[in-house]
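Here the structure comes first, spelled out in structure tokens, and everything after it is commentary.
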Amino acid sequence: MNTRREFLHKATLSSLAVSLPFSDSLAAFNSVQEDKVLRVAIMGLGSYGTRVAEAMKDCKRAKLVGVVSGTPSKIAAWQEKYGIPSKNCYNYENFDQIKDNPDIDAVYVITPNSLHKPYSIRVAKAGKHVICEKPMALNAEEAKEMVEVCKAAGVHLLVGYRMHFEAKTLEIVQRQRAGEFGKTLFFQGLSGFIIGDPSQWRLNKELAGGGAMMDIGIYSINGARYMLGEEPIWVTAQEVKTDPVKFKEGVDETITFQMGFPSGAVASCLSTYSLNNLDKFFLNGTKGFAEMQPSTGYGPIKAWTNKGPVDAEHITHQTTQMDEMAAILLDGKKSIIPVDGEEGWKDMVIVDAIYKAVKTGEKVKLG
Ligand code: NAD
């Protein structure tokens, strides 16, 4: 607790103590405590939703208080595990009623990609803040619509970019901004893993909106932008498909892509569902370099520069993310690397450009 907050907290308590009987002041005290915590409902109780829920157990500013799921047995299991009251449990048909629930501040949408837009919009229209997983939408147009709807509804829209709060990432970003590496003219981003089960939604165009690019390639796009601290002005891209049965029309297996930046920097990136051991960022400048491997996995992230290793404590990414998002939503804190809808939209503009470059074989201009 910081000093100002401590003061306000004590002041509130002492004013409660003089004016209310003990049981009432205790209840009011609890609600004062509660007000400082972001009360979150998770929508989509799958593998990542579970990871976020587990990480939130260690949060100081965010608390899992509700769920949205189409599977009653999962709801019951989560209620039991996380002490979620029935009044905070919804399904995909009735979750608009969350608007009448004063005990939920934000809904974290962790469903397959194509559902991000429609569900985020419904959450916004129910008057709750939206935290949406990456990729925030299927394309830039959808992302823009989400930003506009949230703005009109007077709620925040944040994208689940957990790396934007990761300590080693932030250390390198700050050193880059301070000029430690000189003029940074080259970034390499390698993002990939071998995908298993061919029947999963990640390989279904309708639900995923694409293939590896939507799922994992987006880390290299996003990483290039925060590591270089610039927005690309052009994109070129090439697609390779070795298994057209597993990776059907519209589901990309492997794409290499390049981005050019106003400073003259270039990024060279790989996105694939057909190779493991690809989780690496390399940033090179006129005075030094930074390398991260793993760079975006669940960690611990390993990072070093030409001066030696970058040390920082490993904290479960989603724990830090949710505490920091609580500070953004409750206190108006500004993150060093943005995590708002606009930030997600910028990545989607590049995703669109990459798919266009693959199709046309041309250099696609941005901005
Ligand atoms: P998952 O398949 O494990 O979970 C998806 C959940 O959505 C399931 O509980 C499923 O029941 C539910 N769902 C609701 N409607 C559905 C429908 N019509 N079809 C299929 N499932 C439906 O997937 P996941 O790995 O948890 O991924 C969910 C989202 O989280 C994706 O957008 C993914 O990109 C994102 N994700 C982010 C990170 C990260 O590090 N930020 C990591 C993994 C996944």
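Is it the case that some residue within the range 94-115 is within 11 Å of the ligand (Cβ to nearest atom) and free of Cβ contacts under 8 Å to residues at least 60 places away in the same chain? No, the range 94-115 has no match at all.
Looking for something in a helix (DSSP H, G or I) and within 26 Å of Arg51 (Cβ to Cβ) - is there at least one such residue anywhere in the range 239-250? For the range 239-250, residues in a helix (DSSP H, G or I) and within 26 Å of Arg51 (Cβ to Cβ): absent.
Does Lys346 count as under 15 Å from Tyr161 (Cβ atoms), open to solvent by 60 Å² or more (accessible area, probe 1.4 Å) and not in a helix (DSSP H, G or I)? Before the answer, list the steps.
Details: under 15 Å from Tyr161 (Cβ atoms): yes; open to solvent by 60 Å² or more (accessible area, probe 1.4 Å): yes; not in a helix (DSSP H, G or I): no.
Judged against the criteria, Lys346 is not a match.
Taking the range 38-53, which residues are small (Gly, Ala, Ser) and more than 8 Å from the ligand (Cβ to nearest atom)? Give the derivation first.
Quick first cut of the range 38-53, residues small (Gly, Ala, Ser) only: 41, 44, 46-47, 49, 53.
Scanning the range 38-53 gives Ala41, Ala53.
Being away from the ligand (no atom under 16 Å from the Cβ), not assigned by TED's automatic domain parsing to the domain that holds Lys359 and not polar (S, T, N, Q) is the requirement here; does Glu231 meet it?
Numbers: away from the ligand (no atom under 16 Å from the Cβ): yes; not assigned by TED's automatic domain parsing to the domain that holds Lys359: no; not polar (S, T, N, Q): yes.
So Glu231 fails the test.
If you go through the range 251-287 and pick out every residue that is in contact (Cβ under 8 Å) with a residue 24 or more places away in the chain, in a strand (DSSP E or B) and in contact with a strand residue (DSSP E or B) (Cβ under 6 Å, 6 or more places away or on another chain), you end up with 19. Here Ile218 does not fit the description of being within 16 Å of the ligand (Cβ to nearest atom), over 28 Å from Val147 (Cβ atoms) and in the same structural domain as Asn306 (by TED's automatic domain parsing).
Residues checked against (1) free of Cβ contacts under 8 Å to residues at least 24 places away in the same chain; (2) buried (at least 22 other Cβ atoms within 10 Å of the Cβ):
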position	(1), (2)
Val310	no, no
Gln318	no, yes
Met325	no, yes
Leu329	no, no
Lys334	yes, no
Ile337	no, no
Glu342	no, no
Ile350	no, yes
Lys363	no, no
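Taking first residues from the range 44-63 that are in a helix (DSSP H, G or I) and partners that are open to solvent by 10 Å² or more (accessible area, probe 1.4 Å) and within 6 Å of the ligand (Cβ to nearest atom), the Cβ contacts under 6 Å between residues at least 6 apart in sequence or on separate chains come to Tyr48/Ile110; Gly49/Ile110.
Identification of helices (runs of 4 or more DSSP H) wholly contained in the range 72-176 with 2 or more residues that are under 17 Å from the mean Cα position of the chain (by Cα) and crowded, with 22+ Cβ neighbours inside 10 Å yields 116-125, 140-153. Does Asn204 satisfy the criteria of being among the polar types (S, T, N, Q), touching a residue at least 12 places away in the same chain (Cβ under 8 Å) and surrounded by 23 or more Cβ atoms within 10 Å (Cβ to Cβ)? So Asn204 does not fit the description; no. Each residue in the range 116-146 was checked for being touching a Leu at 6+ places or on another chain (Cβ under 6 Å) and away from the ligand (no atom under 16 Å from the Cβ), and 1 pass.
The values are calculated or read from the model by the stated rules, or taken from the named source; none is laboratory data. Here the structure is a predicted model, which is why all the values come from computation and not from measurement. As a convention, Cβ positions derive from the backbone with ideal geometry for all residues, glycine included, and neighbour counts pool all protein chains shown. What goes into the accessible areas is simple: the full protein's heavy atoms, side chains included, and nothing from ligands, DNA or RNA. Shrake-Rupley method; radii C 1.70, N 1.55, O 1.52, S 1.80 Å.
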